[in-house]
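Notes for the one structure printed next.
Taken together, the values in this text are just the output of simple stated rules run on the coordinates, not laboratory data. No experiment lies behind these values; they were computed from the predicted model shown. Every residue, glycine as well, gets a Cβ built from its backbone with ideal geometry; the counts of neighbours run over all protein chains shown.
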Amino acid sequence: MTNLPLNLVPSFTKACRRSILKMLHTSQSGHPGGSLSALDFLAVLYTQRLGSTHETVVVSNGHISPGVYSVLAEMGAIDQQAVNSTFRQIGSIYEGHVTRHVAGVHFGTGPLGVGVSAASGFAKAEKLKNSGKKVFAVMGDGEAQEGQVHEMALFAAKEKLNNFTVFCDYNRVQLTDSLADTMPVDVAAIFAACGWDVLEIDGHDHEALLTAINHESDKPVMIVGQTIMGYGVPMMESAGRNDKADWHGKAPSRDDIKAQLETPELTLSAEEEAQLDNFRKDVKFNPGKNSFTTTGTPLNEVSAGEAIVYDQDTLTDCRSAYGKALLSLAQANETVLAGTADLGGSVMTKFVKSELPDQHIEFGICEQNMVSVAGGLSFSGFTPFVSTFGAFMSSRAKDQARVNDINQTNVKMVSTHCGLSVGEDGPTHQAIDDMGSFLGMFNTMVAEPADPNQCDRIIRYMATHYGNCYVRMGRHKLPVLTKADGSILFDKDYQYSYGRTDILREGSALTIVASGPMVIEAQKAVEAAGIDAEILIASSPKQFDDGLKKSLEKTGKVMVIEDHNAKSGFASQVTLYAAQNNITLHKFKSIAVGEYQLSGSPAELYDSAGIGSKAIEMALSSF
């Protein structure tokens with residue numbers, strides 16, 4: 001592609017501003033102010049660089065979608081008439097925030113702060129591949145108030161992402177008021193303090209923008225562009241020059257839009273039309289449609305490696321089994337990465353760090369940035385496993401996991417220290433609602449292993465199947481589960497599949513559905529009580545195979561046991577499953593964590609909460 005001469009970019013931006021107004025004429029809602037203030041940067045970036053390099057850009061302030069779509073339309077990547085006439089309308093891919101359904105959008109954004117982290121993930125991927133490509137991101141000035149932006153700034157500097165350039169649209173206006181009155185933030189000072197190369201320029205000066213975009217540095221680059229909200233549209237620009245928030249999230253009326261389109265500032269001359277027509281004939285910017293891979297699709301290019309089988313005499317924790325499986329996967333696949341938030345020795349990514357340091361990423365205490373970076377990595381050919389404690393992954397980073405879910409990324413979230421198994425650390429660290437955080441996500445699998453052997457197979461399954469996942473496990477050591485004859489239950493021939501249920505012991509009096517560390521507690525209780533119970537190991541509260549159906553139909557009675565809150569865990573999902581499959585339950589009982597616990601050993605806490613083997617035995621005797 002021959003780039004549009006820089007002195008003709010004003011014609012390009014004028015045409016884009018006209019498109020923005022036409023979109024707002026259709027939608028009568030949206031965010032015109034920031035779309036117009038960031039437009040000059042986007043126009044220079046695309047016409048002078050991305051049109052030729054096809055490098056990645058992530059627009060973190062996703063509400064400026066009119067600006068993004070207008071540029072993509074002028075570049076020929078999307079249909080201009082379609083976006084102008086269907087913006088924000090039902091059935092249209094041109095949503096109110098940028099989305100991967102639109103060709104040329106690399107990552108869908110909305111919640112502020114997420115996009116810049118994902119962009120740094122794309123940049124990290126290009127560094128790992130030694131591609132020489134740059135990655136760009138756009139953010140708003142108020143966005144710098146988000147803690148995740150600070151996490152990203154620290155990460156990019158620490159990882160020496162000198163291929164990463166972020167443009168901050170410093171228009172000094174937020175949704176409700178000016179930046180100064182809402183929450184003052186000095187973006188340049190913040191990023192300079194984090195170790196970035198900071199360039200402060202006029203964000204409407206095309207020559208200055210081009211120089212900054214092509215600036216080479218040994219550090220990540222922050223371009224702070226001094227801009228005017230609503231720039232280029234007379235009725236909006238006047239408010240922007242006075243730092244008024246009138247047009248941040250409000251569309252003009254259709255009559256006002258019509259009047260603005262007829263102003264000299266927005267009227268294209270015959271010469272300008274000819275310039276743009278010549279550009280459109282020459283432009284060959286065709287980013288293509290993004291792919292959306294169905295969750296659970298096998299990834300044949302990823303090797304599962306050789307499964308590790310723990311024998312009957314082994315007593316170990318699932319987190320160690322996870323760490324060793326992850327090392328095995330990383331050894332078999334250069335694209336498998338391990339990441340942690342300052343907990344490598346606890347979540348056991350330490351094995352990868354020790355043996356394959358180039359495939360290990362330390363994020364520091366920045367869980368939100370970690371999960372979003374993993375999203376960017378996963379769209380760049382890598383399979384990232386990121387780990388922290390369950391209480392942090394499922395609460396602090398839930399927003400980021402949800403955005404990954406919407407984008408249909410391929411991020412493997414593995415959390416340790418879940419449930420009361422975490423022990424003495426107390427209720428702030430006892431994740432008893434973590435699975436519930438992911439139940440409502442459509443593209444995220446959830447699983448919990450019952451012993452080290454099943455843990456090994458679950459981890460290998462998740463690595464070799466596309467999609468986000470959340471795998472939870474406790475802290476304490478568990479025995480290897482065995483069949484009635486004493487042989488290993490999850491032996492070398494065991495093949496895990498998502499939603500699989502496994503029978504530990506057959507019976508007909510009632511069905512016990514147990515998960516994770518509760519399986520061995522249930523086995524102890526059944527043996528002590530001498531009851532003819534069928535013990536069924538459930539691995540995921542989001543999906544069950546026919547094994548659960550057959551067992552419930554056979555017994556008509558069920559006891560669900562879990563180291564979790566029953567309202568958002570296995571109990572609620574088992575009853576829903578029974579109702580959906582027209583299974584009549586004559587008796588039902590839930591044994592789960594009913595309230596926050598204090599400090600204690602896992603065994604003590606299980607007894608205190610009424611989910612240990614003794615409590616289960618008592619419940620069985622009166623069931």
Arrange the peptides 185-193, 95-103 so that the one whose residues have, on average, the most other Cβ atoms within 10 Å appears first. 95-103, 185-193
Could you work out [θ]222 nm for the chain from helices alone, using -39500 (n - 2.57) per DSSP H run of at least four and dividing by all its residues? Round to the nearest 500 deg cm²/dmol. -11000 deg cm²/dmol
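What size of dipole, in debye to the nearest 20, comes out for the stretch 501-621 about its Cα centre when the only charges are +1 on Lys and Arg C-beta atoms and -1 on Asp and Glu C-beta atoms? Don't skip to the answer; put the middle values down first.
Details: 11 positive and 15 negative charges, 76 e Å.
So the dipole magnitude of the stretch 501-621 works out to roughly 360 debye.
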Among His206, Ser608, Leu548, the residue whose Cα sits farthest towards the positive end of the charge dipole of the chain, when +1 is placed on the Cβ of each Lys and Arg and -1 on the Cβ of each Asp and Glu, is Leu548
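Sort largest first and round to whole Å: the equivalent ellipsoid semi-axes of the stretch 315-479, each the square root of five times a Cα gyration tensor eigenvalue. Don't jump to the answer; show the numbers that get you there.
Details: eigenvalues 82, 71, 43 Å².
After scaling each eigenvalue by five and taking roots: 20, 19, 15 Å.
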On average over all directions, what projected area in square nanometres does the stretch 88-185 have, based on the convex hull of its Cα atoms? 7.4
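FRET efficiency for Glu306 and Leu598, Cβ-Cβ distance as r, R0 = 60 Å, nearest 0.05? Mind dumping the intermediate values first?
On the way: r = 43 Å, r/R0 = 0.71.
Once the sixth-power term is evaluated, E becomes 0.90.
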Please report the equivalent ellipsoid semi-axes of the stretch 6-282, computed as sqrt(5 x eigenvalue) of the Cα gyration tensor, largest first, in whole Å. 28, 21, 17
FRET E, pair Asn582, Thr294, Förster distance 25 Å, beta-carbon r, rounded to 0.05: 0.35
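Report the antiparallel proportion of the DSSP beta bridges in the chain as a percent, rounded to a multiple of 5. Let's see the in-between values first.
Working: 9 of 67 bridges.
Roughly 15 percent of the beta bridges in the chain run antiparallel, per DSSP.
To make sure I understand, if each residue's beta carbon is the centre and we count other beta carbons within 10 Å, what order do Tyr461, Tyr69 fall in, fewest to most?
Values: Tyr461 22, Tyr69 28.
In order of increasing Cβ crowding within 10 Å: Tyr461, Tyr69.
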Which of Leu276, Ala119, Val224, positive extreme of dipole for the stretch 6-282 (C-beta unit charges): Ala119
Cα centroid distance between the stretch 375-425 and the stretch 1-68, in Å? 34
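Counting only DSSP beta bridges with both residues in the stretch 315-479, tell me the antiparallel percent, nearest 5. Write out the running numbers ahead of the final one.
Numbers: 2 of 24 bridges.
Bridges in the stretch 315-479 that DSSP calls antiparallel: roughly 10 percent.
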Ranked Cys366, Cys455, criterion: other C-beta atoms within 10 Å, fewest first: Cys366, Cys455
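Out of every Cα pair in the stretch 501-621, what percent are spaced more than 20 Å from each other? Show your work: numbers first, answer last.
On the way: 2600 of 7260 pairs.
Here the long-distance tail beyond 20 Å is 36 percent of all Cα pairs in the stretch 501-621.
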Checked the stretch 106-247 against the a/c 1.5 cut and the a/b vs b/c comparison, axes a ≥ b ≥ c from its Cα gyration tensor; verdict prolate
What FRET efficiency, computed as 1/(1 + (r/R0)^6) with R0 = 22 Å and r the Cβ-Cβ distance, is obtained for Glu216 and Asp358, rounded to the nearest 0.05? 0.35
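Please compute the Kirkwood hydrodynamic radius over the stretch 434-512, one decimal place, Å, based on all pairs of different Cα atoms.
Numbers: mean 1/r = 0.0704 Å⁻¹.
Averaging 1/r across every pair of different Cα atoms and inverting gives 14.2 Å.
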Dipole magnitude of the chain about its Cα centre (Cβ charges: Lys, Arg +1; Asp, Glu -1), debye to nearest 20: 1120
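Quick check on the exposure proxy: order Asp218, Asp205, Asp502, Asp277 from fewest to most C-beta atoms within 10 angstrom.
Working: Asp218 7, Asp205 15, Asp502 19, Asp277 10.
Sorted ascending by nearby Cβ count, the order is Asp218, Asp277, Asp205, Asp502.
Can you give the Kirkwood hydrodynamic radius for the stretch 234-287, in Å, rounded to one decimal and based on Cα pairs? Walk me through the intermediate numbers first.
Numbers: mean 1/r = 0.0720 Å⁻¹.
Across the stretch 234-287, the inverse of the average 1/r is 13.9 Å.
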State, to one decimal in nm, how far the label point of His54 lies from the label point of Ser29, with both points 7 Å from Cα in the Cβ direction. 3.6
Going through the stretch 579-623, which GluC sites (Glu not before Pro) have at most 15 other Cβ atoms within 10 Å and a DSSP loop state? Glu595
The cysteines in the chain that find no other cysteine Cβ closer than 4.7 Å to their own Cβ are Cys16, Cys168, Cys194, Cys366, Cys418, Cys469
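Dividing the alpha-carbon radius of gyration of the chain by 2.2 N^0.38 Å (N being the number of residues), what value is obtained? Walk me through the numbers before you get to the answer.
On the way: Rg = 27.5 Å, N = 623, 2.2 N^0.38 = 25.4 Å.
The chain yields a ratio of 1.09.
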Surpassing 23 Å at the alpha-carbon level, of the pairs Lys324/Lys353; Lys289/Lys542; Lys289/Lys398; Lys124/Lys353; Lys289/Lys412; Lys129/Lys219, are Lys289/Lys542; Lys289/Lys398; Lys289/Lys412
